[in-house]
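Remarks on the structure that follows.
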Amino acid sequence: MNKVLSKLQDFSDSVVAIIPARIGSKRIPKKNLQLIKNQSLIKRALSTAFRSEIFDHIILSCDSNEIAEQGKGIASEIHMRKKINAIDTASTESLIEEVIEFYPNIFNDKTLIYLLQCTSPFLEPIDLKKSYEEIKNQNYEYESIFSGYLFSKFIWQLNGCEQSYKAINYNPINRPRSQDSEKFYVENGAFYIFGKSNFDNTKCRLHGK
C-alpha cells in the first residue's frame, strides 16, 4: 500500500541544506577540493547556500579533516560520516538517512531538505531563492524537485556488443526538425528538494509528483 505523500509547501518548520563531499574520487583525485576562480568546489557550494539566506542549517557531510576545514565558518554543522557511507559504492540516499538520524534535534517530519552537490559550481544563490519562493507561493503542488535543463538533441546508443549504434529518440528515415523533436529534461545534479517525512516513506530523494 502506497503511503500518502505531503506537498512541498507543507514542510514549513525549517529548511536544511545537506552538502555531501568525499575526499576520494576515482576519476579526479580530491575532486571536491578542485578550484574554480580560486575557490574550492566545496567552499563554492557552502557559500552559495549561505548567501541564499533560506537555510536554518547548512550541514557539510564529509569523511576527512581536509574537507571539514573547508566548512569552518560557513557550515552550521560538520558531520563526519561513517566509513560505510564514504566508499565508492555508497548511495547518496544512505548518507541522507545517516545525516537525518545523526541530528534528531534539527530534523522533524515537517523539515524541508535541500540536497546540494559540490560538482555544480555555477549554481547561484538566486536559483535557490527562486525555488524556495515557488514552493512558499504554492505556485504548484509537487512532492519533490530536481534542477535540470531542457535537452532536445538526438540520442544514439551502442547496439549491444556490436560495433554499431541505434537511434533512441527519433527515426533517421523520418528525421524531425530540431525544434520539432521530442523534449527531454536532464538532471544537472545541482540540487534536489524534498520533505523529511516523504523521504522517510520512500527512501529516495525524488518521489511522488
If we ask which residues in region 1-23 are of a type in the set (A, V, I, L, M, F, W, C), over 14 Å from ASP200 (Cβ atoms), open to solvent by 20 Å² or more (accessible area, probe 1.4 Å) and in contact (Cβ under 8 Å) with a residue 12 or more places away in the chain, their number turns out to be 1
The residue that is surrounded by the most Cβ atoms within 10 Å (Cβ to Cβ), considering only those in region 100-111 that are out of contact with any Lys or Arg (no Cβ under 8 Å at 6 or more places or on another chain) and of a type outside the set (Phe, Trp, Tyr), is ILE106
Within region 125-141, residues assigned to a loop (DSSP other than H, G, I, E, B) and open to solvent by 90 Å² or more (accessible area, probe 1.4 Å) come out as ASN137, GLN138, ASN139, GLU141
Among the residues of region 66-118, the number that are more than 14 Å from the chain's Cα centre (by Cα) and under 13 Å from ILE42 (Cβ atoms) is 11
Selection from region 51-85 of residues open to solvent by 20 Å² or more (accessible area, probe 1.4 Å) and either of a type in the set (Lys, Arg) or in contact with a His (Cβ under 8 Å, 6 or more places away or on another chain) (or both) yields ARG51, LYS72, SER76, GLU77, ARG81, LYS82, LYS83
Looking across region 172-198 at residues that are free of Cβ contacts under 8 Å to residues at least 40 places away in the same chain and of a type in the set (Gly, Ala, Ser), the single one that is most open to solvent (accessible area, probe 1.4 Å) is SER178
So, first residue of a type in the set (Val, Ile, Thr) in region 68-80, second residue open to solvent by less than 20 Å² (accessible area, probe 1.4 Å) and in a strand (DSSP E or B), Cβ within less than 9 Å, six or more apart or across chains; the pairs are ILE74/ILE58; ILE74/LEU60; ILE78/ILE59; ILE78/LEU60; ILE78/SER61; ILE78/CYS62
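The values are calculated or read from the model by the stated rules, or taken from the named source; none is laboratory data. Quantities reported herein were computed from a predicted structural model and do not represent experimental measurements. Counting neighbours? That spans all protein chains shown, and the Cβs are built from the backbone with ideal geometry, glycine included. Protein only, heavy atoms only, side chains kept; ligands, DNA and RNA dropped before computing areas. Shrake-Rupley method; radii C 1.70, N 1.55, O 1.52, S 1.80 Å.
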